[in-house]
Amino acid sequence: MFLKLKQEAEAALRDSLSKSGLVEDLEWEKLPESLLLEESEHADVSSSLAFFLASMLKMPPKDAAARLVTHAADAVLESKLISEVRAVGPYINFYAGENFFQETLRRIKEEGCDFGSLGLRGKIILEHTSANPDGPLHVGHLRNATIGDVLARVLRKAGYEVETQYYVNDMGRQVAVAVLGADRFGLDATKKGDHAVVEAYVRASRALEESEGFRREAEDLMRRYEAGDPEVVRKYREVVEKSLSGARETLTQLGIKHDRFVWESEFVRNGDVRRVLKALRERAEVVEEGGALVLKLEGFEKELVLQRSDGTTLYSTRDLAYHIWKAKLGDRMIDVLGKDHELVSKQLARALEILGVPPPEVVIFEFVSLPTGSMSTRAGKFVAVDELLDKVEAAALDEVEKRRPDFSEEQKRRVARIIGVGAIRYDIAKVSPEKPMVFDFEQALDMEKRGAPFIQYAHARASSILRLAAENGYVQRSDGDFLPPDFDATLLSMESERALIRELSKLDYVVEKVVRELKPHHLAKYGRVVAETFNRFYRDCPVLNAEPLLRDARLNLVYCTKLVLKETLRLLGMEAPEEM
RNA sequence: GGGCGUGUAGCCUAGCCAGGAUAUGGCGGCAGCCUCCUAAGCUGCAGGUCGGGGGUUCGAAUCCCCCCACGCCCGCCA
């Protein structure tokens, strides 16, 4: 809804400008958006266009703003949502009218969980997580998975059809080492599969450093796996499946589901990799260096090796085949990758271009490290997501015990679980991807800070108002949902009410921003701000004890807030508890 | 050595791409608020050389250059 307000403000601005005759032929489309219209604490939408005009017209910005505004009357009359345009110093401020507040609530009620959708079309193949099947997911993978999952949810919200894929790197050296370890030392059957695998992997990695023979055996395994040796394939399967199903279990707990798991080895077995090599030889500069096949790429510090001298393929080549296949499945490809993949993903993009395949859009996120330094699966130096989940849920359970002794054990566990998962996801989602993170257990276990529980609590508060209202017969219930009464939105004139509606209206604006930038942290912030604004409303505006007409109006506002909070939480991959 | 990224109060973080109205919030600290819809809440106070230095501009956390610190990459690893 806020997007609509912005559009109307933009139309009004253009109209005023042309009526003012201040400048001819302004190339509107080329102006930076920030110069045109932005959110503002001083108005509903604000423009700093006057700064730009000032330099063209050689007049002070505030004069330009004043001149422009004198021609805004028609546009304001025409606009359904804007009631006033005012020059405040050099700024041109737009103020939403009564109708905007009314329309916002009306549309939330009408559209329900579709509110905030953008109606975009197209199919996106989104690859995320894709951790090596050599052990459990750790907090680094968690960042990938969280970013990917929130993006998938938001893109779907925006209207896209999204298929999420997990690329299973079953052909890498690491997996070979894990398979070797499993073969030599066995897998601890008492442990969760992925944890058993990493144990063997770590042990084998240590052995590898000491024994040349061990290294050769690992390489031999890789060759035989690529060749399809049935005995080796069977051993691989066991390790990879164990690791992968462990990871899937963890992801399920986090509310993350992939639509498809694609095994890297598939592209070797089905001949795609061979075909890619052939196509590249025909269309690009591929040379032989010491028996290996190398792709020369201009502008890169490093060439891309496509095939080892022993004839086996490399990660990049298989990834190339994977992307060529993926490109046919949808209109856009998005890959969520760690910073370490940046160079290789650029080389991949170039190689794809050579082959006439549109390259993926890449979302790069920076590393998650531990206070003691970087994580390493191979060295067994990492914090597993399973461990984190257990500890955070235990901390959440402590809090629930303290706050809600009235809950049944079952209820306590359920709420602790919802809060725990939310807290973990929020801590990751709130940070911009390009920012390096240091994982800190103490901070992760802090349930007091303004994270997911804060937003979930606001939702629970809204729910409990509606629940009590239903018990008093102020609202009707149907299928677990509430049917708020007819109401007069003009009664919602207090600043805390206005501020709340204004915030609710911004869901589409935030969804659009996340889709455009492919950065989920905007949504995390939005959830927090909506919760904050609701809490202020809660303080200032009694709902159940208000006069009946005002009560009805406020019940509608609470209902709409609950809807927006629930939808925001859902997009962040968090549950919205009715009580907590 | 080169490439990319990050550096904002004791700690974490938004804003940077598209320069403009008093730099966003949180944690921690201090002081208040439950006869009233869940205090996992609300209000106020303290705390800042926006890593450092130049430059561009009427105006720089934001753009440009240099430097410093940290991370990632620069494998016939993935």
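Observations
- Where Rh is the Kirkwood radius over Cα pairs, Rg/Rh for the range A:2-96: 0.92
- Between the C-alpha center of the range A:129-157 and that of the range A:235-262 there is a gap of 12 Å.
- Cα centroid separation - the range A:516-580 against the range A:270-300, whole Å: 55 Å
- For the range A:128-369, the Kirkwood estimate of the hydrodynamic radius, built from every pair of different alpha carbons, is 18.9 Å.
- Mean separation of Cα contacts under 8 Å (6+ apart) over length of the range A:128-369, as relative contact order %: 20 percent
- Distance cut-off 23 Å, percentage of C-alpha pairs in the range A:386-571 lying past it: 49 percent
- Over chain A, Cα pairs under 8 Å with separation of 6+ residues give a relative contact order of 16 percent.
- Summing +1 for each Lys or Arg and -1 for each Asp or Glu among the other residues whose beta-carbon sits under 12 angstrom from that of A:Ala396 gives +1.
- Cross-link table A:Lys435/A:Lys525; A:Lys302/A:Lys519; A:Lys391/A:Lys435, entries beyond 23 Å C-alpha to C-alpha: A:Lys302/A:Lys519; A:Lys391/A:Lys435
- Taking the Cα atoms of the range A:162-244, the ratio Rg/Rh between the radius of gyration and the Kirkwood radius comes to 1.00.
- Cα radius of gyration and Dmax for the range A:48-153 (Å): 23.6, 68
- Spin-label model, A:Arg570/A:Gln411: points 7 Å from Cα along the beta carbon direction are separated by 2.5 nm.
- Within chain A, the proportion of Cα pairs with more than 33 Å between them is 54 percent.
- The ranking of A:Leu565, A:Leu343, A:Leu244 by Cβ neighbour count inside 10 Å, starting from the fewest, reads A:Leu343, A:Leu244, A:Leu565.
- A helix-only calculation puts chain A at -18000 deg cm²/dmol for mean residue ellipticity at 222 nm, using -39500 (n - 2.57) for each DSSP H run of at least four residues, averaged over all residues.
- Placing unit charges on each Cβ (+1 for Lys and Arg, -1 for Asp and Glu) gives chain A a dipole about its Cα centre, and among A:Val530, A:Gly89, A:Ala131 the Cα reaching farthest toward its positive end belongs to A:Ala131.
- With contacts taken as Cα pairs under 8 Å and at least 6 residues apart, the range A:386-571 reaches a relative contact order of 25 percent.
- Euclidean distance between Cα centres, the range A:195-214 to the range A:371-392, Å: 18 Å
- Order of A:Thr317, A:Thr190, A:Thr252, A:Thr164 - criterion: other Cβ atoms within 10 Å of each residue's Cβ, fewest first: A:Thr190, A:Thr252, A:Thr164, A:Thr317
- Per DSSP, loop trypsin sites (Lys or Arg not before Pro) in the range A:232-341 with at most 14 further Cβ within 10 Å: A:Lys257, A:Lys296, A:Lys302, A:Lys328
- For GluC sites (Glu not before Pro), the sites in the range A:384-452 that DSSP calls loop and that have at most 13 other Cβ atoms within 10 Å are A:Glu434, A:Glu448.
- Gyration tensor analysis over the Cα atoms of the range A:328-466 returns equivalent ellipsoid semi-axes of 38, 20, 12 Å (largest first, whole Å).
- The range A:442-520, Cα convex hull volume normalised per residue, Å³: 177 Å³
- Sparse-neighbour loop sites [trypsin sites (Lys or Arg not before Pro); the range A:49-117; at most 10 other C-beta within 10 Å; DSSP]: A:Lys58
Read the figures in this text as sums done on the coordinates, not as results from a lab. Here the structure is a predicted model, which means the values were calculated and not measured. Here the Cβ is made from the backbone with ideal geometry for all residues, glycine too, and neighbour counts use every protein chain on show.
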